[in-house]
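Here is the structure we will look at.
The values are calculated or read from the model by the stated rules, or taken from the named source; none is laboratory data. Computed from a predicted structure; not experimentally measured. Using ideal geometry, Cβ is built from the backbone for each residue, glycine included, and neighbour counts are taken over all protein chains shown.
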Amino acid sequence: MKPKIFIDGEHGTTGLQIRTRMAGRTDVELLSIPEAERRNAAMREDLLNDADIAILCLPDDASREAVSMVAGNNRVRIIDTSTAHRVAPDWAYGFAEMDKAQPEKIREARHVANPGCYPTGAIALIRPLRQAGILPDGYPVTVNAVSGYTGGGKQMIAQMEDEQNPDHISAPHFLYGLTLKHKHVPEMKMHGLLERAPIFSPSVGRFPQGMIVQVPLYLDDLAAGATLESIHAALVEHYAGQSIVEVAPLAESAQLARIDATELAGKDTMKLFVFGTSGGTHVNLVALLDNLGKGASGAAVQNMDLMLSA
Ligand SMILES: NC(=O)C1=CN([C@@H]2O[C@H](COP(=O)(O)OP(=O)(O)OC[C@H]3O[C@@H](n4cnc5c(N)ncnc54)[C@H](OP(=O)(O)O)[C@@H]3O)[C@@H](O)[C@H]2O)C=CC1
Ligand SMILES: CC(=O)N[C@@H](CCC(=O)OP(=O)(O)O)C(=O)O
């Protein structure tokens with residue numbers, strides 16, 4: 001029997017992109033709910049309980065509700081793409097490349113929390129430097145980012161694309177999260193192994209998909225002897241042996257005049273850069289990804305495949 005997969009929220013932005021990635025797959029049976037019934041709780045509960053893996057592509061509250069709907073079912077496994085369970089101790093964090101042991105944890109897990117799009121970039125840059133002892137305890141980390149507008153789901157897509165929308169946004173680029181209380185901060189802190197919460201300043205640009213996450217650092221305030229080259233080497237070592245996260249060679253980064261936030265749109269990979277000048281005093285770490293690729297739907301399918309390989 002083929003494993004049954006149900007995407008709760010399949011008609012939303014993240015859910016649709018997971019469906020696209022699953023099109024043509026013959027190794028799984030996709031359970032589906034008609035779009036008009038997408039909020040029909042009884043139908044959702046039946047489908048959730050019939051699935052081997054349920055992928056939740058819902059707002060946080062609806063995700064928690066979905067988890068409660070399968071509380072008495074000890075077979076169905078869950079991948080939650082929302083923020084609801086990303087710092088929960090009994091959920092595996094679905095970022096396979098963050099540690100050598102993480103793929104196995106995801107493979108065996110009953111409950112997997114898919115990472116947020118911004119934390120995927122930030123943790124990818126920060127965690128290896130914490131583990132290598134380069135980024136010291138208490139360093140005041142800042143994370144600055146720009147996302148494609150699909151990151152805000154159906155509501156923001158309508159605000160950006162529909163001029164008749166009463167909440168239309170005409171800005172080509174805007175900052176938000178101005179209270180510095182963005183919901184991704186706890187996740188960056190925990191899985192970035194940070195003592196202090198980072199200052200996180202997100203923004204949105206007038207392009208549908210793509211993302212740049214930046215973590216600038218003062219070399220003088222890092223572990224003694226830290227250089228552009230040693231930071232790059234730590235990232236290269238951390239990501240050796242896998243094909244999703246690429247670390248750009250320093251020579252390539254040194255040639256670049258600019259970074260295009262949409263470069264990886266439509267892809268499920270992520271590229272990391274270390275910018276600065278050899279012998280200089282500062283570096284800027286940059287992650288490039290698609291908010292809906294490695295930042296959401298691509299990661300969810302990667303996690304599903306890991307779980308199916310158990
Ligand atoms: N977009 C992105 O880049 C990323 C999104 N995520 C996360 O993925 C999840 C889904 O986000 P996204 O796809 O962007 O959002 P969308 O708003 O595009 O889609 C959400 C879907 O869930 C449905 N839904 C909402 N409430 C309920 C409910 N109570 N019961 C059943 N269905 C419901 C919506 O239906 P309706 O149309 O009726 O509202 C819609 O189809 C969120 O938790 C988000 O934070 C994570 C990483 C990146
Ligand atoms: C542009 C935009 O609005 N982005 C979303 C995050 C998208 C994402 O990663 O979603 P979840 O963490 O909710 O799963 C935001 O800032 O709330």
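Taking each residue of segment 286-310 that is more than 24 Å from Ile157 (Cβ to Cβ) and looking for partners that are part of a helix (DSSP H, G or I) and among the β-branched types (Val, Ile, Thr) with beta-carbon atoms closer than 8 Å, six or more apart or interchain, yields Asn303/Ile106; Leu306/Ile106; Met307/Ile106. Of the residues screened, Gly133 is one that is at positive phi and part of a loop (DSSP other than H, G, I, E, B).
Out of all the residues in segment 180-221, which are on the phi > 0 side of the Ramachandran plot and surrounded by fewer than 19 Cβ atoms within 10 Å (Cβ to Cβ)?
Within segment 180-221, Leu180, Leu193 meet the criteria.
Among the conditions (1) surrounded by fewer than 19 Cβ atoms within 10 Å (Cβ to Cβ); (2) farther than 19 Å from Thr120 by Cβ, the only one that Ser253 does not satisfy is (1).
Which ranges mark the helices (runs of 4 or more DSSP H) fully within segment 148-243 that have 1 or more residues being over 30 Å from Thr281 (Cα atoms), within 21 Å of the chain's Cα centre (by Cα) and not β-branched (Val, Ile, Thr)? Explain how you work it out, then say what you get.
Numbers: elements: 153-161, 185-191, 228-238.
By residue number, 153-161.
Only one of the numbered conditions (1) over 28 Å from Lys181 (Cβ atoms); (2) away from ligand 1 (no atom under 16 Å from the Cβ); (3) modelled with pLDDT of 95 or more is not met by Gly72, and that is (3). For segment 1-58, the set of residues classified as over 26 Å from Gly152 (Cα atoms), β-branched (Val, Ile, Thr) and in contact with a strand residue (DSSP E or B) (Cβ under 9 Å, 6 or more places away or on another chain) consists of Val28 only.
Going by the structure shown, is Ile79 within 16 Å of ligand 2 (Cβ to nearest atom), β-branched (Val, Ile, Thr), farther than 30 Å from Thr227 by Cβ and not assigned by TED's automatic domain parsing to the domain that holds Glu246? Yes: the conditions hold for Ile79.
Could you list all residues from segment 11-31 that are among the hydroxyl-bearing types (Ser, Thr, Tyr) and either surrounded by 13 or more Cβ atoms within 10 Å (Cβ to Cβ) or assigned to a helix (DSSP H, G or I) (or both)?
Hits for segment 11-31 are Thr13, Thr14, Thr20.
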